[in-house]
Structures are given as C-alpha cells and as structure tokens.
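Before any comments, here is the structure.
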Amino acid sequence: MAATTATSQPIHWKDIVAEKRQRQTASIPKEWIIDPPPSSQLDVTSFPDKCGLLTDRELEITNTTDVDVILKKLASAEWSSVEVTTAFYKRAIVAQQLVNCLTEIFVDEALARAAELDAHLKSTGKVVGPLHGLPISLKDQFKIKSHETTMGYVSWIGKYADSNSALVDILYECGAVPFVQTNVPQTLMWAETYNVIFGRTLNPNNRNLTSGGSSGGEGALIAMKGSPLGVGSDIGGSIRIPSGFNGLYGMRPSYNRVPYANAVNSMEGQESILSVFGPISNNISGLKAFMKAVVDSKPWLKDPLALRKKWDEEAYALLDRDGGKKLCFGILWNDGQSVPHPPITRGLEITKAALLAAGHEVVDWKPYKHAEMVDVISGIWDSGAEEDFATVTAPTGEPILTSMYDLEAAVKTEAAFRPPEGQPTMTAYQLWQLHKTKLQLRQEHLNYWQSSVSLTGTGRPVDAIISPVAPRTAPTHGNNIDAAYTTVWNGHDSSVCVVPITKVDPVLDAKKPRSNFLSAADERNYQLYDSPETFVDAPVSVQIVGQTQEEEAVLGMAEIVDAAVKAYKATSA
C-alpha cells in the first residue's frame, strides 16, 4: 500500500525519495561544496588534501590516523573538539561529493556537542570519558534522537527516533561526538552498498569498484579519512568486507560483546545468526580504543543481551601465549569452494613471510566443512527474509532490490545471502533442525581446532587462522555476490580482525590460466578477474580469526601481524 497525504492521495515512493534527497543536500554547508575531479580519476583518496577546502591545520588533524594520538591531543587541549570535528566534517563532506557515502548530516548539532566538551575540559581540567572529543561516524542503523534512520528503506523516511540506541548513549557517555551516519544497501543483506534513496557508494581507491557492504558507507568514508573511527555491523561479513575492500582495520566481535539494543535491523527476531556492531578505522589503535571504551562502560546495564564480561587486559597482552613472543598461525589458502585471485594469494604469501621473519610459526590450515556451515546459515536467513523484506516495503510500494547493479537491472542476482523468490515457508521444526546442525558444526570445528596442537610445536592449538576476506579484492559494481569467506565465521561466532596487507599490482598479479575448478562459484570467481588493470589500486587484506569471545586476544594478535607485515615490507622495499 502506498503512502498517502492528509487528503488520502497516494504519494509515489519516488516523490518521498526526492524530498529526502533535497533535505540531505540542504544539510551540507554551501561553503563546503567543491569542484570534484573528473569521473576518470579513479583513486580519489588524496583529493581532500588538494581540493583547497581544508586548512593546513585541518589536513594535519585528518591525516593523523592513529586514534590514540588524536585522543591524547584532545585530552591535552592541544586540539579542541570543535576544530577536530570541523576538520573531519569538512573531509566527510568532500568524501560525500566523491563517493556518496553519507546519509544523515547534522553539522550544527555535532559542533554544539563538541563545544560542550571543550567547555567541560576547560572548566574542570578533566575529559568526559575515554573517547573525549572524538568524532565518530555511525552506520545508518543506529537511532539518534530526533533523527531519521532509514536503512535504505523508503518506508522509514520520516520516522524520527524518540531515543538513542544503547551504543549511541554509551558513546556520548564516553565523550564521543557522533557526527554523520553512513550509507547501506537496502535490507543490509548485500555485500555491496546501493539503495533507491541515496544511491551507490563507490570505492575511493578505485571508483569503478564496490566499497563492499553492508557497512560500505563507513568503509568509503574512513578510507577517505573523513572519520577517524566508525561503527559498522556484521551478520555475514558486513564489517570485514568493507574494511578489506577499502584497506582498513575492522573488527567483528562475538555475539553480544557490543550492545545492539534499540538499533534497527533486518530480520529482527532471528536469533541464531546475530548481527553484531564493531569498529572500523585507519589504524588498529582505533579498534582497541572503541572496544575497551564500550566494554568498560558496562553495556550489560543498557542491553539485557550484552555479556557481563569485563575488558581482559591480560588476554590482550597474550599472557597465556607467552606474551605473543612465538605464536602459531594457520593460513587458509582457500575455503575448498573458491580459489582466491592472484593478489589475494600474494597477500597471504606476504603475511606468511612476514610472520616467519618475525619468529612465529605458520602452518597450512585445511578448511573444515565451510560449505556446510554457509549453507546452514543461508537456510536460517531464508526462513523468513523474504516475508521480512516484503513487510517493510509494503507501505510505500517501493521495489525490493534483486541486484546491486542498479534499480533497472534486467537480471536478478543469484546470491547465497538473498532469499530465493517464492521459496516455500519453512516450518518451525525445519528451522530447529538447521539450528541443531549449526551447533553440531560448531562443536566439530572446535574439536578440529583443538586437535591442531599436534601441528604447532607451541604446546597450544593454532592461535589464530589467517584467511582471505574474500576470494577477490573489491570487484566491479554488482558483482560481489559471494560472502562465504566471512559468513562461515559468523556461524562459529569467531572474533575476527581485518588487517590490510598490500594493493593490486597489475605486473605481480597477472591472471593465471586454470582449467579445473572447485565449484561453479570458483569458476565464476575466476572469470571475474578479467584483467589485473581492472582492479588497479584495490586493497588486499586478511582476516585474523580467533575463537569465540576472544576480542582482546585477537586484537593483540592482529597488532603482531600488522607490525610484522609493516617491518617485512620496509626491509623488502
């Protein structure tokens, strides 16, 4: 049923979208409008430094990627929150004009908040909290009082929140400055970012490529250094894919470590494969700053599902693993279903060589029933997704997107994370059997992991698995229809951190001929790598996969991997 006016005249969903877009445009200060580069300029990551909008001081602020450094300068009043927020806001607006990454923009409100924090610091000499004065971007899933959160649905335009999400309240209490919300795909259940309200978000490293999804707006914004720290969500890879595709650090925490209460979502009520919130940043310090601040705030007092689990500094320091002096990593070269493209394999080889050079052990890791776990997860989603999407879109008659190419795409995208059209309704009992199978797979995988003690030489099982984020770098728009490399870890509720390694090099990453394929998905993935030049400048990243509820240890190990790779590349240059 379409929306209506007071006189009961139907309003077409396109008219609702047009009005929303006008309001978004009006929220951008006119003096921050720039002359954008030509569309032929694919890598626009450095354009904010050259466009003339930001002052030298603002460039210094926004090019400081270490969140700990920003927080120290804010706490000492060397930088004010107003000037830091202004600097990142201006850069975010530049990013919006180049890669279309924002949804909600509330400049005056954010600057007023920053001014309050500056006044508090000046009058008391104390910071409000561990994130004092720090601008933080939020995926368009969070409720911020008096603002809309559409999540790509036309039917949610005009719905203003009367309270904040629990995590937003915590960020305010920690002294942060929420300042923008970022673009998502309609329904969230896509590994790219496009919807009929705000359109498509592009990858700043190569605008012909996708920014990933569903936290693609966050990925693109942070890659443009338009935010020092952002929050995304992940049900099948939606933090890790944008982090990997944009060359960023990102963390998928385990279920209920970060509060989700009073946020909007798809498939609400589905509690077997939970969506989780987690941080994305240009520096791994941002991930720790976020996780520690949130956990130390006792989120279980605001969210009944949040775990009553304190921050574990000893686990972060890897004290139960000899302080991280000698770790053993398993490298997953492929998942048994799709062989990664040449740049992904090269990234794994760099990581292995770096860890060996740093004195750690590396063993090959054979996948254990990855396809079975991904199939079970898809079945759980499919049990109610089609009805969920139809229910939400019904009030306006807006289309349910069946492709990330564009609204008019002639061919429906067949993707494992999308419900088959017209699928018969599943009974509760049938759904229970999927839950039962998932639990059995988790038990088997835990046993498999524990048995790796015979391979490591450390007296411990493998400390973490190093895996591709995807069997490809960011592909061209509409072609990221496989999230198996990330989704499998959602099924196991693993704590996972993404670390950037390198970028596509057309010379080093030449396409290699193949005639035998592991699966139809493998053959399709191979065909996507039509030419290395298509993917020039695309980031290459890896996942550091731990076991469930190991956020602190995974962050500690990710820091070790990151430092080893940087040292190895410096000596190999």
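Summary table below
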item	result
Search result, residues across the stretch 148-167 that are more than 10 Å from Asn262 (Cα to Cα) and hydroxyl-bearing (Ser, Thr, Tyr)	Thr149, Thr150, Tyr153, Ser155, Tyr160
Within the stretch 287-325, tally of residues that are within 22 Å of Gly230 (Cβ to Cβ) and either outside any helix (DSSP H, G or I) or of a type in the set (Phe, Trp, Tyr) (or both)	7
Residue that is farthest from Val127 (Cα to Cα) [pool: residues in the stretch 65-78 that are surrounded by 15 or more Cβ atoms within 10 Å (Cβ to Cβ) and in contact (Cβ under 8 Å) with a residue 40 or more places away in the chain]	Thr65
Residue among Val499, Val488, Val507, Val453 that alone is at pLDDT 95 or above and within 22 Å of Ala416 (Cβ to Cβ)	Val488
Residue list for the stretch 229-253, restricted to those being in a loop (DSSP other than H, G, I, E, B) and either out of contact with any helix residue (DSSP H, G or I) (no Cβ under 7 Å at 6 or more places or on another chain) or within 29 Å of Ile157 (Cβ to Cβ) (or both)	Ile235, Gly236, Gly237, Ser238, Ile239
Search result, residues across the stretch 369-401 that are in a loop (DSSP other than H, G, I, E, B), more than 30 Å from Ser519 (Cβ to Cβ) and touching a helix residue (DSSP H, G or I) at 6+ places or on another chain (Cβ under 7 Å)	Pro395, Thr396, Gly397, Glu398
Residue, nearest to Lys159 (Cα to Cα), within the stretch 374-410, restricted to residues that are out of contact with any Lys or Arg (no Cβ under 8 Å at 6 or more places or on another chain) and of a type in the set (Asp, Glu)	Glu398
Boolean, Asp335 is assigned to a helix (DSSP H, G or I) and more than 30 Å from Tyr172 (Cα to Cα)	no
Residue among Val82, Val94 that alone is surrounded by fewer than 22 Cβ atoms within 10 Å (Cβ to Cβ), over 14 Å from Ser281 (Cα atoms) and either in contact with a Cys (Cβ under 6 Å, 6 or more places away or on another chain) or not basic (Lys, Arg) (or both)	Val82
From the options Ser494, Ser515, residue that is farther than 15 Å from Cys328 by Cα, free of Cβ contacts under 8 Å to residues at least 24 places away in the same chain, in a loop (DSSP other than H, G, I, E, B) and not aromatic (Phe, Trp, Tyr)	Ser515
Within the stretch 450-491, considering residues that are in a strand (DSSP E or B) and among the hydrophobic types (A, V, I, L, M, F, W, C), the one surrounded by the fewest Cβ atoms within 10 Å (Cβ to Cβ)	Ile465
Candidate set: the stretch 555-573, residues that are over 23 Å from the mean Cα position of the chain (by Cα) and of a type outside the set (Phe, Trp, Tyr); chosen: the one nearest to Gly250 (Cα to Cα)	Ala564
Residues located in the stretch 495-519, provided they are surrounded by fewer than 24 Cβ atoms within 10 Å (Cβ to Cβ) and closer than 24 Å to Lys438 by Cα	Leu518, Ser519
Output for the stretch 390-404, where each listed residue is in contact (Cβ under 8 Å) with a residue 24 or more places away in the chain and more than 22 Å from the chain's Cα centre (by Cα)	Val392, Thr393, Ala394, Pro395, Thr396, Gly397, Glu398, Pro399, Ile400
Members of the stretch 260-271 that are buried (at least 18 other Cβ atoms within 10 Å of the Cβ) and more than 21 Å from Asn183 (Cα to Cα)	Gln270
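The values are calculated or read from the model by the stated rules, or taken from the named source; none is laboratory data. Small disclaimer: the values here were computed from a predicted structure and weren't measured. FYI the Cβ positions are ideal-geometry reconstructions off the backbone, even for glycines, and counts take in every protein chain you see.
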